[in-house]
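Data first, discussion second: the structure below is written as structure tokens.
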Amino acid sequence: MTHSAPDSDRERFEGYYAAQKPPWDIGRPQRPFMEAGDTIHGRVLDSGCGTGELALWLAERGCQVTGVDFLDGPLVAARSKAADRGLDVNFLQMDALASGEIPERFDAVTDCGLFHVFDDARRAAYVAALARLLEPGARVFLLCFSDAEPGTNGPRRVGEAELRRAFGSGWVVESIEPARFEVLPGIPGAEFTPGGAKAWFATIRRA
């Protein structure tokens, strides 16, 4: 079964890329992924890969990477970066909820800022898609906005208990640690706590 992003989501994200550089596109991977880099290996799916900085960094470290995003614009940029850097990354345009239909299986999934955009129903469908992609023992590495971040700018906040519920069946939550989600400064509507929006970085194993 194929899923597609709501038109409102598509228009919002297309607007970010068309009007200016998106606030989350900081020119390198978010720090929690870099710190966890030694534990991310093998065949990796970067879910919601955007312009590809995390996917390309993982490929540089020897991973076999597939990046998925539902917008064409950032994928054009990602493929251009891959060519410039001489890296072989398979970038696919598709909704993350349909990623469970990819015939390949993966050793890890990275999610930098995608989980927190889903409402409850799409969140459940997303976790189900991840379950189809991962063999037992494979892991999801997930960075999302935390409910500790004040204000209303940015995406939906996620509580630790929500994360544990979302991955409550068929998964083992190995760790959920406070983290920061860095953004580019000076973008209206993307003002957050100094040092980066408060976030969670979760490591979750397929049971």
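We did not get these values from a lab; they are worked out from the coordinates using the rules stated. On a predicted model such as this, the values are computed, not experimentally measured, just so you know.
For the range 7-206, what proportion of DSSP beta bridges, expressed in % and rounded to the nearest 5, is antiparallel?
45 percent
To the nearest 500 deg cm²/dmol, what mean residue ellipticity at 222 nm is calculated for the chain from DSSP H runs of n ≥ 4 alone, each contributing -39,500 (n - 2.57), summed and divided by the residues?
When only DSSP H runs of four or more count, the value is -8500 deg cm²/dmol.
Find how much the distance from R28 to I187 grows on full extension, using 0.36 nm per residue of separation minus their present alpha carbon separation; answer in nm with one decimal.
55.4 nm
Taking H as built 1.01 Å from N, whose amide H comes closer than 5 Å to the amide H of V183, not counting residues under 5 places away?
A197
Work out which helices of the chain, taken as complete DSSP H runs, extend at least 15 Å along their axis over the Cα atoms and score a mean Kyte-Doolittle of 0.0 or more, then list them.
120-133
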